[in-house]
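The values are calculated or read from the model by the stated rules, or taken from the named source; none is laboratory data. These figures come from a predicted structure and were not determined experimentally. No Cβ is skipped: glycine too gets one built from the backbone with ideal geometry, and neighbour counts run over all protein chains shown. Quick note on the areas: whole protein, heavy atoms, side chains included, nothing else; ligands and nucleic acids left out. Shrake-Rupley method; radii C 1.70, N 1.55, O 1.52, S 1.80 Å.
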Amino acid sequence: MDKKLISKKKPAYPITPSLSEYLTAQGRNIKIPIFYDDLLRFQGAVEILDENDNDTLWISTYFAEHERNEIEYSLKQMYSILHSDGSDSIIPYLNIDSIDFCTFGNTKPFRIKVRNVLNDNYLYLYVKKADASRIYGLELEHLLSPNHITFLVHQDTLVEEHISGIAGDTFISDHLDKLSDQDKRALAKEFVKFNERCFVRLLADMRSYNYVVVITQDFDRIQYRIRAVDFDQQSYEGNPKVYKPQFLKENNALVKLSLEVLAPESIDQYEKEERSLLAKRATVEHERLEHLLSCMKADKISTPAKIKQLKTGLFDLVGDVNFKKSKNMGELLENAIDFIVRNYKNENPYIIK
């Protein structure tokens with residue numbers, strides 16, 4: 001099924017001048033002391049295995065002695081830019097514990113573990129080859145989801161914060177069957193909303209290893225949130241089904257759970273709730289979203305065949321002629337958001353205007 005839905009390899013698209021201008025306007029474009037290609041100069045590596053001795057597809061790298069100090073200092077500066085004021089004042093208190101490289105996926109990221117030597121607290125950050133699709137995906141996540149994303153760009157290098165949570169595939173295999181009935185209903189509700197959110201904003205390939213489950217202890221219950229961690233397939237594929245996680249076989253367990261614990265009326269209700277929330281977020285972020293979409297509409301982030309397939313598929317699903325008139329992925333996304341705003345933005349009579 002996945003072979004029909006998802007392309008084996010998506011090309012990386014360069015950052016256009018208009019997108020770079022947008023990133024500068026939003027404080028995302030910076031000068032950084034190290035580039036992705038600099039990290040590719042590692043001299044060797046060892047495999048990283050999980051607790052069951054399975055290959056994690058990550059390797060721990062090491063660098064030549066004459067380069068190590070300079071690289072580590074630059075990474076500490078990068079951490080300061082991402083998480084602090086960019087000054088060197090915190091650098092004496094930081095240590096680079098590891099520089100890991102992922103051998104799987106489109107972006108082949110480096111994962112940097114940065115530890116505070118005063119208290120042993122640590123954070124991860126990721127250095128990747130910049131891809132316009134991923135940048136659009138990250139920015140749309142920031143604007144249209146309940147989650148905020150911190151990332152920075154300089155030329156062809158992308159720096160991202162770590163998104164905490166339990167990997168979806170791990171959660172399904174190790175935790176799903178142990179949930180209480182109440183927790184199963186809470187998780188199913190979140191999966192329905194996540195499914196709808198991905199579809200409206202055209203984020204594809206949400207297989208279980210491309211999102212995490214975030215657990216928050218509330219005062220009388222546990223709250224669940226599903227967060228995407230892979231944004232490479234933003235507005236690229238042509239089949240509308242690929243934008244709904246429910247159609248990916250890795251998520252079959254969550255689909256089955258949702259159908260078992262939620263009534264059809266509840267599923268409809270949660271879908272409408274998420275559309276309404278998306279409409280509110282799009283309205284609040286109207287100016288910034290309009291600027292981003294103008295960049296997308298002038299950009300090439302998919303193929304003519306996929307654009308044609310998607311606009312036909314969305315028109316068949318929704319019946320809105322604007323989809324049929326769309327010329328590119330930017331226009332398709334703009335019309336999807338416009339459809340949601342027109343149909344699900346509630347006019348609350350109790351709000352004072």
With DNA, RNA and ligands ignored, accessible area of L317 (1.4 Å probe; Å², nearest 10): 120
Sulfur and carbon atoms: percent of accessible area, region 1-136 [1.4 Å]: 50
Label-point gap, in nm, between K256 and A25 - each point 7 angstrom along Cα→Cβ: 4.8
Given charges at beta-carbon only (K, R positive; D, E negative), |dipole| of region 166-344 in Debye: 560
Over the chain: helical MRE at 222 nm, DSSP H runs n ≥ 4 each giving -39500 (n - 2.57), nearest 500: -13500 deg cm²/dmol
Rg followed by Dmax, in Å, when region 66-157 is reduced to its Cα trace: 14.3, 45
Separation in nanometres of the label points that stand 7 Å from Cα toward Cβ, at F35 and L176: 4.3
Per principal axis, descending, Cα span of the chain in whole Å: 62, 49, 49
Two-site FRET efficiency, D88 against Y122, from Cβ-Cβ distance with R₀ of 22 Å, rounded to 0.05: 0.65
With all protein chains modelled, accessible area of R221 [1.4 Å, Å²]: 120
Region 166-344: Cα Rg divided by the 2.2 N^0.38 Å rule of thumb: 1.07
Selection from L202, T216, S180 lying farthest towards where the dipole of the chain points positive, charges on Cβ: L202
Projected area averaged over orientations for region 70-229, convex hull of C-alpha atoms, nm²: 11.3
Computed lengthening from V46 to T16, 0.36 nm per intervening residue step minus Cα-Cα distance: 7.1 nm
Peptide ranges 116-126, 274-284, 42-52 listed from the most packed, as the mean C-beta count within 10 angstrom indicates: 274-284, 116-126, 42-52
Virtual spin-label span in nm between K345 and D156, 7 Å along Cα→Cβ: 4.1
Theoretical gain in end-to-end length, A305 to V214 [0.36 nm per residue, Cα-Cα removed]: 29.1 nm
Over 29 Å (Cα to Cα) - which of K128/K306; K108/K324; K244/K280 fall in this group: K108/K324
Debye, to nearest 20: dipole size of the chain, +1 on Lys, Arg Cβ, -1 on Asp, Glu Cβ: 1480
Region 166-344: relative contact order in percent, alpha carbon pairs under 8 Å with at least 6 residues between: 26
Residue-span extension gain [F104 to V318] - 0.36 nm each, minus C-alpha spacing: 73.5 nm
Carbon + sulfur, % of accessible area of region 166-344 - ligands and nucleic acids excluded, 1.4 Å: 50
Coarse-grained scattering of region 1-140 at q = 0.09 Å⁻¹, given as base-10 log I(q)/I(0) from a Debye sum over alpha-carbon atoms: -0.34
